[in-house]
1. How big is the chain on each of its three principal axes, counting only the C-alpha atoms and giving the largest first in Å?
2. Taking the Cα-to-Cβ direction at E121 and at H41 and moving 7 Å from each Cα, how far apart do the two end points lie in nm?
3. Expressed as an acute angle from 0 to 90° and rounded to the nearest 10, what is the orientation of the C-alpha long axis of helix 163-178 relative to the principal long axis of the chain?
4. Explain nothing, just the number: relative contact order of the chain, from Cα pairs under 8 Å at least 6 residues apart, as a whole percent.
5. Rank-order 165-171, 35-41, 58-64 by packing density, defined as the average count of other C-beta atoms within 10 Å over each peptide's residues, highest first.
6. Which links in K29/K149; K64/K129; K25/K80; K64/K136; K31/K61 stretch past 19 Å when you go from one Cα to the other?
7. Along the Cα-to-C-beta direction of V169, a point sits 7 Å from the Cα; which residues of the stretch 19-39 have their amide N less than 18 Å from that point?
8. Summarise the accessible area of the stretch 109-181 (1.4 Å probe, protein heavy atoms) by the percent that is carbon and sulfur.
Amino acid sequence: MATEPAAAEPAVPSLVDRYFTRWYKADVKGKPCEDHCILQHSNRICVITLAESHPVLQSGKTIKSISYQISTNCSRLQNKVSGKFKRGAQFLTELAPLCKIYCSDGEEYTISSCVRGRLMEVNENILHKPSILQEKPSTEGYIAVVLPKFEESKSITEGLLTQKQYEEVMVKRINATTAPS
């Protein structure tokens, strides 16, 4: 007598899935597969992370170091925010670099903001333990937190992809690489 498989219990959504909307920027600055994920909270705060398809998160990559030193005169670590109006926060454009990731294979990746707004904080934990960027990219391994201007908070998602649109981009990429030449 065959037994019926037990109905799978519905999975409880993660904290990220419960409170944040995922937005994606594919091929940032025209670099193939260098995708970023923006986790937008209902209070308009955006957490910048790497998308699952980013080369840094692929197997075999080892992060040698991470630097928030963008140029000789600009370090994201010097960002000091204070007060109700977030004085002292560095203002970022969509293409503003947040950090550079150096891999042991010699590859270097510049992570961009993808969102206009004020830099609230950078994740200094990834400087000391870069592996958390790969192990937990959507939670402890985030890159930075950005607060868009209130009047721009609705328009920041223009030019970004929804989860469904991003999945379609991923399917197209897979089909393009597996298509016979």
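The values are calculated or read from the model by the stated rules, or taken from the named source; none is laboratory data. As the structure is a prediction and not an experimental result, all values here were calculated from the model. Here the Cβ is made from the backbone with ideal geometry for all residues, glycine too, and neighbour counts use every protein chain on show. For accessibility, only protein heavy atoms count, side chains too; no ligands or nucleic acids. Shrake-Rupley method; radii C 1.70, N 1.55, O 1.52, S 1.80 Å.
1. So the extents along the principal axes, rounded to whole Å, are 71, 39, 32.
2. Placing both labels 7 Å beyond Cα along the Cβ direction yields 0.9 nm.
3. Long axis of 163-178 versus the principal axis of the chain: about 70 degrees.
4. 22
5. 35-41, 165-171, 58-64
6. K29/K149; K25/K80
7. 21-39
8. For the stretch 109-181, the apolar C and S fraction of the accessible surface comes to 54 percent.
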